[in-house]
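Q: Mind looking over this structure? Questions follow.
Only the coordinates and a few stated rules stand behind these numbers; no lab work does. A quick note: this is a predicted structure, and the numbers were derived from the prediction, not measured. Cβ placement follows ideal geometry from the backbone for every residue including glycine, while neighbour counts extend to all protein chains displayed.
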Amino acid sequence: MAYDVAEDIKQAYIEVGTSYEVLRKGVQVGSGEYLLYDLNAQVTKPFIREHFLEASLPFDTSGEAGDVLRFHNGDCYLLMNKSPFELENKVLEYSTVLYKANTSGELRRPSGEAWDTQTYHKTPIFGVIETNVYSLLTESLFRYELSEQDFGQLAIAKDELYIPKVYGIRLNDRYEPKSGEYYRVTTIKTRGFPGVDVVGVEEDTR
C-alpha cells in the first residue's frame, strides 16, 4: 500500500510539478524528476523570498544533500537537507529546503609562488581545483536583512559562501565567481548542514 501511495505522489509531481536534473560536482547524476515547491513564508524580506524554497521531492529522487538541482528554466538550487515522510516504513516523499545558487565559478588553491622580475616580489600561484562550482554567496547588500532567527546558521558579520561539501574547500582557497571577484576563504563551518559547508570569505588581495 505504501509503495502505491509513493508512486501516486510521484505521478502527481509529474503532472503539476517542476522538472529538474541533479548535478553532483558539476556532473549530471539524475534527470526526468519533478518536485513541488513553495515560496518561503517570510515574504516581507526580498532576499529570502528570492533565494529560499521549501520543496517536496519524490521517494526515489537521485538527489542527496549537497547536490545541485537545476530547474528546467536554468535556475540552480543547493539541496540543503532531505527529511523523509514515511508510511509503513516506506518513504513516501522527502521534505527539503533549497537555497538558490546565485553564483558559479572556479575554486582555486595556492600551489606555490613565482618571482616577479619587474617588481622583485613573490606572487602566489593558484591551481584550479574545480570549475562550474555552484554556490550561494551572501553579499554586504543583504547583511542587514538577514539574522540567525531567519536561517539558523547564517552569520551577518561577513560575506558567506554556501558550497557543497563534496568540493572539500580549505582555508586560504580562492573562490572566483564568473562575475569577476576574488574571495579568500577565512573560516569554514562544517556541522551546520549535512552536505553543505558555510564558508566565511573576504576580498582576496594576494
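Q: Given the C-alpha centroids of the range 46-72 and the range 180-195, what is the distance between them in whole angstrom?
A: 20 Å
Q: So how strong a dipole does the chain carry about its Cα centre when Lys and Arg Cβ are +1 and Asp and Glu Cβ are -1, to the nearest 20 debye?
A: Working: 22 positive and 33 negative charges, 170 e Å.
The dipole of the chain has a size of about 820 debye.
Q: I would also like to ask the following. Got a sec? Charge dipole of the chain, +1 on Cβ for Lys and Arg, -1 for Asp and Glu; which of 199, 115, 13 is way out at the positive end?
A: 115
Q: Search the structure for amide H atoms under 5 Å from the amide H of residue 195, placed 1.01 Å from N in the peptide plane, and list their residues when 5 or more places away or on another chain.
A: 66
Q: Tell me the label only: which of (i) 101; (ii) 156; (iii) 133 is volume of the Cα convex hull per residue in Å³ as calculated from this structure?
A: Matching the structure shown: (iii).
Q: If you filter the range 1-96 for GluC sites (Glu not before Pro), then keep DSSP loop positions with at most 13 other Cβ within 10 Å, what is left?
A: Passing sites in the range 1-96 are 88.
Q: Give the long-range amide H neighbours of residue 129: residues separated by 5 or more places, or on another chain, with amide H under 5 Å away, using H modelled in the peptide plane at 1.01 Å from N.
A: Distant-sequence amide H within range of residue 129: 107, 108, 109.
Q: How do 120, 183 line up, fewest other C-beta atoms within 10 Å first?
A: 120, 183
Q: If amide H atoms are built 1.01 Å from N in the plane of the peptide, which residues on other chains or at least 5 residues away come under 5 Å of the amide H of residue 173?
A: It is 185, by chain and number.
Q: Any chance you could give the angle, 0 to 90 degrees and rounded to 10, that helix 2-16 forms with the longest Cα principal axis of the chain?
A: It works out to around 70 degrees.
Q: Right, next: Short version: ³J(HN,Hα) in whole Hz for each residue of the range 190-202, in order, from phi by Karplus 6.51 cos²θ - 1.76 cosθ + 1.60 (θ = phi - 60°), x for Gly and Pro, what are they?
A: Each residue of the range 190-202 in turn: 9, 9, x, 9, x, x, 9, 8, 9, 10, x, 10, 9 Hz.
Q: Which residue fluctuates most in the GNM of the chain (Cα springs below 10 Å): 173, 67, 75?
A: 75
Q: Looking at this model, which pairs from 100/122; 25/122; 25/82; 122/189; 122/178 are more than 28 angstrom apart at the alpha-carbon?
A: Violating the 28 Å Cα-Cα cut-off are 100/122; 25/122; 122/189.
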